[in-house]
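Chemist: Submitted below is the structure of interest, expressed as structure tokens.
The values are calculated or read from the model by the stated rules, or taken from the named source; none is laboratory data. This is a predicted model, so every value here is computed, not measured. Glycine also receives a Cβ, built like all others from the backbone with ideal geometry; neighbour counts cover every protein chain displayed. For the accessible areas, the whole protein counts, side chains as well, though only heavy atoms, and no ligand, DNA or RNA atoms are used. Shrake-Rupley method; radii C 1.70, N 1.55, O 1.52, S 1.80 Å.
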Amino acid sequence: MNTLRWRLTFGVTAVVFAALLAFAGRFYQVTLEWTQKDTLEAARDKTVRVGRELAATGTLPAESPEVHVAVLGPDGRLDRRRTSHSFPEGDFDVPGVYRTNTVPWGDPHAREVQTEDGRRFAVAWYPLGELASPPIAVSGWTAVAIPMRKQDARAEELKGQLVVRILGITFSSGLLVYLLTGLWTRSLASAADSAEQLAEGDLTLRQLAAPKADSELRRLVLAFNALLDRLRKLHTSQQRFIADAAHELRTPLTILRGEIQVALRKDREADRYRAVLQSNLEEVMRLSRMIENLLALARADSGTPLGRPETVPAQALCRGVIEKLGGAAHRARVRLRTEVPEGAAFHGDAVALDRVIFNLVENAIRYSSPDDEVVMRIIPNGSGLRLEVSDHGPGITPEHLPQVFGRFYRVDSARNRSDGGVGLGLAIVKSLVEAQGGTVEVHSEVGVGTTFSVSLPHQAMGSNHYS
């Protein structure tokens with residue numbers, strides 16, 4: 001029972017029980033005080049009437065079964081010879097504090113008296129005497145005793161009723177709280193069940209219903225639903241990424257295995273072995289480049305920090321990229337040209353910037369036709385710089401533009417596979433640019449060419465974490 005629902009139920013029930021108990025105790029006490037006060041007041045009124053009738057007639061009035069009367073001497077002691085035959089046994093003498101009262105008329109004295117057998121009586125005394133000459137002479141006292149058994153019975157009945165009602169209200173409130181907390185925590189229970197299913201790898205879960213009346217619980221459920229959506233998308237993306245990566249890695253490995261098996265079937269000339277090794281080297285380089293790209297994307301997804309930001313001259317970056325891709329451009333018969341203002345510099349991670357420019361230029365070379373030109377431009381843009389890489393290739397149709405930065409996405413799958421592209425370069429560009437507070441866009445026209453624009457704010461380049 002150590003659950004939130006039971007703790008709330010027991011806690012609220014205990015508070016309700018304590019509050020009801022305190023209220024009932026006070027109510028019972030006040031009721032007894034009022035009952036005692038009313039009974040004593042009735043005894044006072046009765047003893048005054050008895051005293052006046054006795055003074056007028058000289059005899060005690062007829063007694064009632066519920067009222068006992070007596071006449072006491074001047075000393076305030078009970079004289080059994082002048083009492084009703086049913087007057088109870090006990091100490092009914094006038095208290096000393098009353099006997100010393102010099103003006104007793106008009107002020108009957110009353111108090112509660114308990115007999116030896118435990119019965120309680122409301123007793124009132126009234127003095128008898130004449131105002132012949134001061135001081136007043138008291139010739140005797142009248143006493144009236146009213147039994148309080150009815151009041152005691154009513155008090156016991158009231159106590160029983162209070163106990164029954166306290167228990168009933170406490171049980172009802174506990175049951176109500178238990179049912180309400182069941183409704184309140186239903187979404188929490190559903191969230192817990194969903195979390196357990198998530199822990200077991202089940203991501204095929206529907207969203208939880210968010211209660212409108214409970215803002216705190218609604219916020220929790222909405223946050224859980226958002227987390228569930230994100231996990232589902234990440235899971236789907238991860239599965240697709242793994243499947244695509246496995247497919248891309250399988251192709252060069254299959255080529256390597258096939259060529260090696262063919263070469264080992266029989267002895268061959270050295271030139272034939274050299275050709276096989278050359279082909280294997282190309283596939284190994286393709287695998288190495290793919291693995292580097294996969295590692296770069298994994299770092300971006302995990303939020304691994306970039307290197308320490310530094311000032312990186314734009315001309316040096318572009319020259320380094322031309323040196324690395326000069327051979328590929330020469331084989332494709334594509335010219336590389338730069339338009340970089342003197343003194344232009346980035347502020348960020350040099351390795352990440354180099355990979356951004358390298359991937360964009362490599363992509364432009366792959367899509368360019370022989371004798372075309374790829375241009376790298378650095379343009380001041382407010383507080384930062386804008387990098388543009390343009391080619392005069394076939395262009396990209398509008399339906400493909402929104403997906404060009406997706407992982408393993410290729411506009412022309414057959415051509416890219418033959419050229420060694422696997423659709424990771426532009427995805428890496430997007431991750432690295434956004435990690436440094438920049439944006440990347442693509443503008444293309446079929447038959448004219450494509451331009452990739454990277455805007456890198458100067459201040460934002462100081463960011464050192466992947467997004």
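Chemist: Do you know which of the residues in region 265-277 that are open to solvent by less than 100 Å² (accessible area, probe 1.4 Å) and among the aliphatic types (A, V, I, L, M) is nearest to THR254 (Cα to Cα)?
Modeler: VAL276
Chemist: Ok, one more. If you scan region 58-80, which residues turn out to be in contact with a helix residue (DSSP H, G or I) (Cβ under 9 Å, 6 or more places away or on another chain), charged (D, E, K, R) and either farther than 15 Å from TYR126 by Cα or at pLDDT below 70 (or both)?
Modeler: GLU66 - this is the single residue of region 58-80 that is in contact with a helix residue (DSSP H, G or I) (Cβ under 9 Å, 6 or more places away or on another chain), charged (D, E, K, R) and either farther than 15 Å from TYR126 by Cα or at pLDDT below 70 (or both).
Chemist: So, in region 317-338, exactly how many residues are more than 19 Å from SER368 (Cα to Cα) and open to solvent by less than 70 Å² (accessible area, probe 1.4 Å)?
Modeler: Here the count works out to 2.
Chemist: Quickly run through region 388-403 and pick out the residues that are under 15 Å from ASN363 (Cα atoms), open to solvent by less than 70 Å² (accessible area, probe 1.4 Å) and modelled with pLDDT of 85 or more.
Modeler: Within region 388-403, GLU388, VAL389, SER390, ASP391, GLY393, PRO394, GLY395, ILE396 meet the criteria.
Chemist: Also, I was wondering about something else. If THR181 satisfies every condition in (1) at pLDDT below 75; (2) open to solvent by less than 50 Å² (accessible area, probe 1.4 Å) but one, which is the exception?
Modeler: (1)
Chemist: So the check is Cβ under 9 Å with 6+ separation or different chains; which pairs have a first residue in region 30-57 that's over 13 Å from ALA122 (Cβ atoms) and a second one that's in a helix (DSSP H, G or I)?
Modeler: THR31/ARG154; THR31/ALA155; THR31/LEU158
Chemist: When you look at ALA195, is it assigned to a helix (DSSP H, G or I), aliphatic (A, V, I, L, M), at pLDDT 70 or above and closer than 30 Å to THR181 by Cβ, yes or no?
Modeler: Against the criterion (assigned to a helix (DSSP H, G or I), aliphatic (A, V, I, L, M), at pLDDT 70 or above and closer than 30 Å to THR181 by Cβ), ALA195 does not qualify.
Chemist: Mind counting the residues in region 355-368 that are free of Cβ contacts under 8 Å to residues at least 40 places away in the same chain and open to solvent by 30 Å² or more (accessible area, probe 1.4 Å)?
Modeler: 1
Chemist: Still on this structure, please answer the following. Among the residues of region 1-26 satisfying the criterion of being loosely packed, with under 13 Cβ neighbours inside 10 Å and among the basic types (Lys, Arg), which is farthest from LEU183 (Cα to Cα)?
Modeler: Here the residue is ARG26.
Chemist: Moving to a separate point now. Among the candidates VAL361, VAL312, which residue alone is of a type in the set (A, V, I, L, M, F, W, C) and touching a His at 6+ places or on another chain (Cβ under 8 Å)?
Modeler: Going through VAL361, VAL312 in turn, just one is of a type in the set (A, V, I, L, M, F, W, C) and touching a His at 6+ places or on another chain (Cβ under 8 Å): VAL312.
Chemist: Any idea which of (1) at positive phi; (2) at pLDDT 70 or above is the one GLY201 doesn't satisfy?
Modeler: (2)
Chemist: Right, next: What number of residues in region 347-378 are over 48 Å from the mean Cα position of the chain (by Cα) and within 20 Å of PRO457 (Cα to Cα)?
Modeler: 3
Chemist: If I filter region 405-425 for residues that are of a type in the set (A, V, I, L, M), open to solvent by less than 30 Å² (accessible area, probe 1.4 Å) and modelled with pLDDT of 85 or more, do I get at least one hit?
Modeler: The answer is no, given that none of the residues of region 405-425 is of a type in the set (A, V, I, L, M), open to solvent by less than 30 Å² (accessible area, probe 1.4 Å) and modelled with pLDDT of 85 or more.
Chemist: Could you please find all residues in region 374-388 being part of a strand (DSSP E or B) and among the small types (Gly, Ala, Ser)?
Modeler: The one that is part of a strand (DSSP E or B) and among the small types (Gly, Ala, Ser): GLY384.
Chemist: Could you check region 40-77 and list, in sequence order, the residues that are in a helix (DSSP H, G or I), open to solvent by less than 60 Å² (accessible area, probe 1.4 Å), closer than 28 Å to GLU156 by Cβ and of a type outside the set (Val, Ile, Thr)?
Modeler: Across region 40-77, the qualifying residues are LEU40, ALA42, ALA43, LYS46.
Chemist: I'd like the full set of residues that are at pLDDT below 70 and either among the acidic types (Asp, Glu) or open to solvent by 90 Å² or more (accessible area, probe 1.4 Å) (or both), limited to region 81-98.
Modeler: Passing the criteria: ARG81, ARG82, HIS85, VAL97.
Chemist: Also, quick follow-up: Go through (1) within 20 Å of ALA328 (Cα to Cα); (2) open to solvent by 30 Å² or more (accessible area, probe 1.4 Å); (3) of a type outside the set (D, E, K, R); (4) under 60 Å from the mean Cα position of the chain (by Cα) for ASN280 and report which single condition fails.
Modeler: (2)
Chemist: Among the residues of region 369-385, count how many are in contact with a Lys or Arg (Cβ under 9 Å, 6 or more places away or on another chain), more than 14 Å from LEU317 (Cα to Cα) and open to solvent by 10 Å² or more (accessible area, probe 1.4 Å).
Modeler: Result for region 369-385: 7.
Chemist: With the condition kept exactly as written, say whether any residue in region 27-39 is in a loop (DSSP other than H, G, I, E, B) and loosely packed, with under 15 Cβ neighbours inside 10 Å.
Modeler: No, region 27-39 has no match at all.
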